[in-house]
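J.: I have a structure here, written as structure tokens, and I will follow up with some questions on it.
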Amino acid sequence: MAIKDSREFVERLDKVGEIVRVKQVVDWDCEAGAIVRRTCETQGPAVLFENIKDYPGHRILGASCASFKRVAVGLDLDPEISIRELCDEVYLRAERRIKPVVVAKAPCQENVVTGEDVDLTAFPAPLVHDGDGGRYISTWHFVVTKDPTSDWVNWGMYRQMVHSKNLMGGLMLPTSEAGKMKAEYEAKGQNMPFATVIGADPVCLMAGGFPVGPGISEVDVAGGLRGVPVELVKCKTNDLMVPANAEIVIEGEVLRGVTLEEGPFGEFTGYRTAPRTSRPVYKVNCITWRNNPILTMSNMGMPVDDSHVTTVPLGYIIPIRRLLEAQKLPVTGVFVPPEMVGFGVIVGTKVPYNHIATHIAHIVFSVPVLWGYCSKLIVVDDTVDPYNMTEVLHAVATKCHPTRGVTTFPTCGTPLQPYLSLQERLQGHSSHLVLDCTWPVEWDPETEKPPMVSFKHMYTEEMQKRVLENWSSYGFK
Amino acid sequence: MPKREYDTYCDNPESLSEGEAVIMVRELTPEAPRHKYLSKLVKAVLAREPEKLAEGDVLWLRWQRGRKFHKPWAIKIIEELKLPG
């Protein structure tokens, strides 16, 4: 049964021992962030802060999706499912999109403030990392925006920092879906309406970070992932729709031609790369919330955190697999390891012709929503399991020719890529890298292609069978 | 009465200009704890040596990626300006 909201998700995590409820007072000023970061770095459980300094009645849920096990719980799957099976299941479900349904009354509108009564400081937005540019109310959430010329509604995870009682700032790159929509509104001389959803059910939150592609509404993908439609309710002050069971909804408009200094912020890359600079401003016209709301947060940084196990390995594969399958390439698997933070993709393939690695690269790097993020591609042949990092690293070390196996070409970059110079970050210069870890097709199997030295390849089937049958009698467990 | 404290981000704390300027600061010691870190756009006088601006408050400096500069400056806010929007 699909999980209906953050509260049910907390209960489910409780049942499998994947959450700690912190009852002592915790400070929103760095302490909550430090705890969430620590649990991410130790592969610890999720955390629900039930007693936040200065904010009685409010709660913060951190690291709720920072492990594959908790993601599986959120998707109502076996918590022990393998990563390959989880990736396959997410891809299949995401591609069977289900339209949402609209409800008239919603828990997320139990409390409503508008206009002069709006006060973002009434919510326990954490100072996530010491030195961050401000209190980030939106770190595990999504921002709803609508294409000005079609019915396409985009959900995207764009960070939001509190400037004042009714203003927020945030990074919204021009290459992002919302960034492109904002440019269209601006060309018409209009502000862009938005709704920020905090504390939706886990699947909606995951889908909000998935780069499913232009023209595809993440709410339909969330429906497919859940197996039942998402229930939406109309916002109080604009026409956007938001999940009815969300904890907090912030309604307003992204102001045309207005910027304020925003950032820096500790990012999913594991660094604080982009400098503080002028960025878009969100004016808040209304806030709605449930009683005793749960503010969901992520502490992005060094792997592994929520983004590394949802957006990266589960979200990125959706548009990549879709395009590779459309081209009928003999792909055996696609994986975006959490440790590569979305900057690198591994594709396994059969090798019917030379340079299939660059063929795959042109397709993978053509995924528009990955521009500027995903810059490295490792292509392995079908003797390598792309989900097994030992095998992949071995292939990089032994099969990738340091000259012939490496291809680079220029592309656009983002301020978030740590390896770029400051000038490259700000001007959008970067490169793509392809590591071809396949043997050339023309290599003779007897004289050029080296045989693999492994249990499977070095012994007759008879010998393998004998050893396996006697394994325990040799004394092994 | 203890001095109020603010901070601001800059390209290089070593080469920040002294004197009057319009800058964005964050309030670090507000009366309401919930208002800590809110943005303020101010016209202010800045001084590298706090003793040169005895009536000023404390201004901490941070590099653009968040690292705190070891030595605070002084700030005397002349006027708080309205944030755009």
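Only the coordinates and a few stated rules stand behind these numbers; no lab work does. Here the structure is a predicted model, which is why all the values come from computation and not from measurement. So basically every Cβ, Gly included, is an ideal-geometry build from the backbone, and we count neighbours across all protein chains shown.
J.: Can you name the residue in the range A:386-397 that is within 23 Å of the chain's Cα centre (by Cα) and in contact (Cβ under 8 Å) with a residue 24 or more places away in the chain and, of all such residues, is surrounded by the fewest Cβ atoms within 10 Å (Cβ to Cβ)?
T.: Going residue by residue through the range A:386-397, those that are within 23 Å of the chain's Cα centre (by Cα) are A:386-389, A:392.
In the following step, the residues that additionally are in contact (Cβ under 8 Å) with a residue 24 or more places away in the chain were identified as A:386-387, A:389, A:392.
Working: A:Pro386: 26, A:Tyr387: 20, A:Met389: 14, A:Val392: 21.
Among those that are within 23 Å of the chain's Cα centre (by Cα) and in contact (Cβ under 8 Å) with a residue 24 or more places away in the chain, it is A:Met389.
J.: Within the range A:145-193, how many residues are within 14 Å of chain B (Cβ to nearest Cβ) and more than 20 Å from the chain's Cα centre (by Cα)?
T.: 10
J.: Looking only at the range A:429-451, count how many residues are in contact with a helix residue (DSSP H, G or I) (Cβ under 8 Å, 6 or more places away or on another chain) and of a type in the set (A, V, I, L, M).
T.: Number of matching residues: 2.
J.: Go through the residues of the range B:22-41 one by one and say whether even a single one is more than 14 Å from chain A (Cβ to nearest Cβ), part of a strand (DSSP E or B) and of a type in the set (A, V, I, L, M, F, W, C).
T.: No, there is no match, as no residue in the range B:22-41 is more than 14 Å from chain A (Cβ to nearest Cβ), part of a strand (DSSP E or B) and of a type in the set (A, V, I, L, M, F, W, C).
J.: Kindly provide the set of residues from the range A:125-165 that are outside any loop (DSSP other than H, G, I, E, B) and of a type in the set (Lys, Arg), ordered by number. Working first, answer last.
T.: From the range A:125-165, those outside any loop (DSSP other than H, G, I, E, B) are A:127, A:136-138, A:141-146, A:153-156, A:160-162; that's our starting set.
Correct list: A:Lys146 only.
J.: Filter the range A:302-360 for residues that are closer than 16 Å to A:His432 by Cβ and polar (S, T, N, Q) and give the result.
T.: A:Thr358
J.: Follow-up. Mind telling me which of the residues B:Arg26, B:Arg4 ends up being crowded, with 19+ Cβ neighbours inside 10 Å and under 10 Å from the mean Cα position of the chain (by Cα)? So that I can check it myself, show each step before the final result.
T.: On the way: B:Arg4 fails: crowded, with 19+ Cβ neighbours inside 10 Å.
Only one candidate qualifies: B:Arg26.
J.: Scan the range A:359-369 and tell me whether some residue there is of a type in the set (A, V, I, L, M) and loosely packed, with under 11 Cβ neighbours inside 10 Å. Step through it out loud before you land on a result.
T.: Taking the range A:359-369 first, the residues of a type in the set (A, V, I, L, M) are A:360-361, A:363-364, A:367, A:369.
If we keep only those that are loosely packed, with under 11 Cβ neighbours inside 10 Å as well, we get none.
No, every residue in the range A:359-369 fails to be of a type in the set (A, V, I, L, M) and loosely packed, with under 11 Cβ neighbours inside 10 Å.
J.: Working only within the range A:207-229, note down all residues that are out of contact with any helix residue (DSSP H, G or I) (no Cβ under 7 Å at 6 or more places or on another chain) and assigned to a helix (DSSP H, G or I).
T.: A:Val219, A:Asp220, A:Gly223, listed by residue number.
J.: Of the residues that make up the range A:199-208, is at least one under 25 Å from A:Thr414 (Cβ atoms), over 21 Å from the mean Cα position of the chain (by Cα) and buried (at least 24 other Cβ atoms within 10 Å of the Cβ)?
T.: Taking the range A:199-208 as the starting set, the residues that turn out to be under 25 Å from A:Thr414 (Cβ atoms) are A:205-208.
Filter once more, keeping what is over 21 Å from the mean Cα position of the chain (by Cα): none.
No: the range A:199-208 contains no residue that is under 25 Å from A:Thr414 (Cβ atoms), over 21 Å from the mean Cα position of the chain (by Cα) and buried (at least 24 other Cβ atoms within 10 Å of the Cβ).
J.: Continuing with the same structure: I need the full set of residues from the range A:106-124 which are part of a helix (DSSP H, G or I) and over 29 Å from the mean Cα position of the chain (by Cα), in order please. Break it down stepwise before answering.
T.: As a first pass, look at the range A:106-124 and keep what is part of a helix (DSSP H, G or I): A:107-109, A:115-117, A:120-122.
Those that are part of a helix (DSSP H, G or I) and over 29 Å from the mean Cα position of the chain (by Cα): A:Gly115, A:Glu116, A:Asp117.
J.: Could you check how many residues of the range A:439-476 are more than 43 Å from the chain's Cα centre (by Cα) and under 17 Å from A:Val380 (Cβ atoms)?
T.: Matching residues across the range A:439-476 total 0.
J.: Among strands (runs of 3 or more DSSP E) lying entirely in the range A:231-286, which contain 1 or more residues that are within 22 Å of A:Asn191 (Cβ to Cβ), of a type outside the set (Gly, Ala, Ser) and within 14 Å of chain B (Cβ to nearest Cβ)? Lay out the reasoning, then the answer.
T.: Values: elements: A:231-234, A:241-243, A:248-262.
Per the criteria, A:248-262.
J.: For A:Thr408, all conditions in the list (1) among the polar types (S, T, N, Q); (2) surrounded by 12 or more Cβ atoms within 10 Å (Cβ to Cβ); (3) over 24 Å from the mean Cα position of the chain (by Cα); (4) outside any helix (DSSP H, G or I) hold save one; what is the number of the exception?
T.: All conditions pass for A:Thr408, except number (2).
J.: In the set A:Thr269, A:Thr277, A:Thr259, which member is in contact with a Leu (Cβ under 7 Å, 6 or more places away or on another chain) and over 15 Å from A:Val112 (Cα atoms)? Give the derivation first.
T.: Values: A:Thr277 fails: in contact with a Leu (Cβ under 7 Å, 6 or more places away or on another chain); A:Thr259 fails: in contact with a Leu (Cβ under 7 Å, 6 or more places away or on another chain).
Answer to the check: A:Thr269.
J.: Residue check: is B:Lys82 of a type outside the set (A, V, I, L, M, F, W, C), surrounded by 17 or more Cβ atoms within 10 Å (Cβ to Cβ), within 13 Å of chain A (Cβ to nearest Cβ) and in contact (Cβ under 8 Å) with a residue 24 or more places away in the chain?
T.: Values: of a type outside the set (A, V, I, L, M, F, W, C): yes; surrounded by 17 or more Cβ atoms within 10 Å (Cβ to Cβ): no; within 13 Å of chain A (Cβ to nearest Cβ): yes; in contact (Cβ under 8 Å) with a residue 24 or more places away in the chain: yes.
When the stated conditions are applied, B:Lys82 does not pass them.
J.: Given the criterion within 30 Å of B:Asp11 (Cβ to Cβ) and surrounded by 23 or more Cβ atoms within 10 Å (Cβ to Cβ), identify the matching residue among A:Val254, A:Val230.
T.: Just a single option satisfies the conditions, and that option is A:Val254.
J.: I would also like to ask the following. Please tell me if B:Gly19 is on the phi > 0 side of the Ramachandran plot and within 12 Å of another protein chain (Cβ to nearest Cβ). Break it down stepwise before answering.
T.: Working: on the phi > 0 side of the Ramachandran plot: yes; within 12 Å of another protein chain (Cβ to nearest Cβ): no.
No; evaluated as a whole, the condition is false for this residue.
J.: Can you name the residue in the range B:42-79 that is among the small types (Gly, Ala, Ser) and within 9 Å of the chain's Cα centre (by Cα) and is also farthest from the other protein chains (Cβ to nearest Cβ) among such residues? Can you show your working first?
T.: Step one: of the range B:42-79, the residues among the small types (Gly, Ala, Ser) are B:44, B:47, B:54, B:56, B:66, B:74.
Still in the list and also within 9 Å of the chain's Cα centre (by Cα): B:44, B:74.
Values: B:Ala44: 15, B:Ala74: 21 Å.
In this case the residue turns out to be B:Ala74.
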